[in-house]
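A quick write-up on the structure given underneath.
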Amino acid sequence: MKLLSVIVPCYNEEENVPYFYEELLKQEAALEERQVQLEIIYVDDGSKDRTVEEVKKLHQKDERVHLVSFSRNFGKEAGIYAGLKKAAGDYVVLMDADLQDPPSLLPEMLHYLEDEGYDSVATRRVTRKGEPVIRSFFARTFYRLMKHISRTEIVDGARDYRLMKRPVVDAILSMTEYNRFTKGIFGWVGFQTKWLEYENIERTKGETKWNFWKLFLYSLDGILAFSTAPLAFVSVLGLLFCFLAFVLIIFTIVRTVVFGDPTSGWPSLVCIISLISGVQLLCLGIVGQYLSKMYMEVKNRPIYLVKEEL
Ligand code: UDP
Ligand code: MG
C-alpha cells in the first residue's frame, strides 16, 4: 500500500472543512483500487472562525485526519510549506478547501504518476469564468511579463492543485526561503510534469481571501522572487539618461558658442530636474524592494509558528 497525503490550507473555512472531507472520501474506492491509502492534513492558517473545531471533530471520528494550527495568519504559502513538512506520504497532493480543485481528478492524476512515469501532475484552468474582467486582464499581463523577465517557467492559470512524488516534495522542502512564491518554486525545481486542464470552478462556500490589491502585491512578490530584470532595467535607464545628458551638454555648448549666452531656459531646467529626480527615486525604490526582501531573508525568521498539532 502507498500513502497519499492530502494537504488542505484553510483560512476561515469552517463550512468547507467537513464538506471537503465528504467530497474527498467519495474517491476512496477508486484510490483503494490503486492500492493507495489516504491521509488528510488540514493546515489552519490562524482562522478566526470555527475551522479548528471542525477539523478536531473530523479527527475524533477518523484518525487519518491531521491538524496543524498556526499561531496567526501566515499566508497560504506558509500553509503549503507546513503541510509538505508534515506529510508522510509517498505521494502528496495540495488542494484548496473550497473545492475549486475537484477531487474527482485524483484517480486520473495517479494514473499519470504510476503508469506513465511522471514525477508530478499539475493543473491549470483554461478559463477565468466568473472572475472580474480587469482582474483577468492584469493576471494575463503578469504572466506574459514573467515569461520575458524570468527564466523560471510560471504557467498562466496554473493552480496550486498538484500531485507529487516524494522526491519533488523533498526538493520543494529544501527551498527554505522566507519569501515563498510557490508557483515559481514549482517551476524552479523542475521534474517531469504532466499538465491537466479544466474549466474554472467557482468556490462552493465562504469568500475568496484575495482582493485586487493583495493580488497586485502578490504579483510583485513573484517578480522580485524569480527575476532580477528590474535591476537590469534600472541600469539601462541610468545609461540612457547619461547619454541624454551628454547630448544636451554638447547642444548647450554649441548653442552658446554660436548664438552667445542668453540667460533664458530655466523652465526647461526645472522640467529636466524634476524628471530626473523622479527617475532616480523610482530606481532607488526598485533597488530598495530587493534590499527589503534580502533583509527579511537575512533575519532568518521561521516561515510559520505552530500553536497546536494533532
Ligand atoms: N488560504 C490560506 N491562508 C490565507 C488565504 C487563503 O490558507 O491567508 C487558503 C484558503 O482557505 C483556501 C486556499 O488558500 O483553501 C485558496 O484561497 P481562496 O479560495 O481564497 O483563493 P482563490 O481560490 O480565490 O484564489
Ligand atoms: Mg478558491
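The values are calculated or read from the model by the stated rules, or taken from the named source; none is laboratory data. Since we're looking at a predicted model, the values are computed, not measured. Virtual Cβ from ideal backbone geometry, glycine too; neighbours counted across all protein chains shown.
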Exercise for the section: Go through segment 87-106 and give me each residue that's surrounded by fewer than 21 Cβ atoms within 10 Å (Cβ to Cβ) and over 22 Å from Thr204 (Cα atoms). Expected result: Ala88, Asp90
Practice task
Please work out if Ser227 is more than 14 Å from ligand 1 (Cβ to nearest atom) and touching a residue at least 12 places away in the same chain (Cβ under 8 Å).
Solution key: yes
Practice task
Kindly list the number of the only condition in (1) at pLDDT below 85; (2) part of a loop (DSSP other than H, G, I, E, B); (3) charged (D, E, K, R) that fails for Arg180.
Solution key: (1)
Exercise for the section: Determine, yes or no, whether Ala139 is modelled with pLDDT under 90, within 16 Å of ligand 2 (Cβ to nearest atom) and of a type in the set (A, V, I, L, M, F, W, C). Expected result: yes
Handout entry: Checklist (1) surrounded by fewer than 21 Cβ atoms within 10 Å (Cβ to Cβ); (2) within 20 Å of the chain's Cα centre (by Cα); (3) more than 16 Å from ligand 2 (Cβ to nearest atom); (4) at pLDDT below 90 applied to Met146, failing item
Key = (1)
Handout entry: Check on Lys129, within 18 Å of the chain's Cα centre (by Cα) and at pLDDT below 90
Key = no
Exercise for the section: Determine whether Tyr21 is within 22 Å of Lys209 (Cβ to Cβ) and more than 16 Å from ligand 2 (Cβ to nearest atom). Expected result: yes
Completion exercise
When every residue in segment 207-251 that is within 16 Å of ligand 2 (Cβ to nearest atom) and part of a helix (DSSP H, G or I) is compared, the one farthest from the chain's Cα centre (by Cα) is Phe212
Practice task
Check whether at least one residue in segment 268-281 is among the polar types (S, T, N, Q) and touching a residue at least 24 places away in the same chain (Cβ under 8 Å), and report yes or no.
Solution key: no
Fill in the blank from the handout: Taking segment 161-213 and keeping only residues that are of a type in the set (A, V, I, L, M, F, W, C), crowded, with 20+ Cβ neighbours inside 10 Å and under 23 Å from Arg135 (Cβ atoms), one is left with Phe181, Phe186
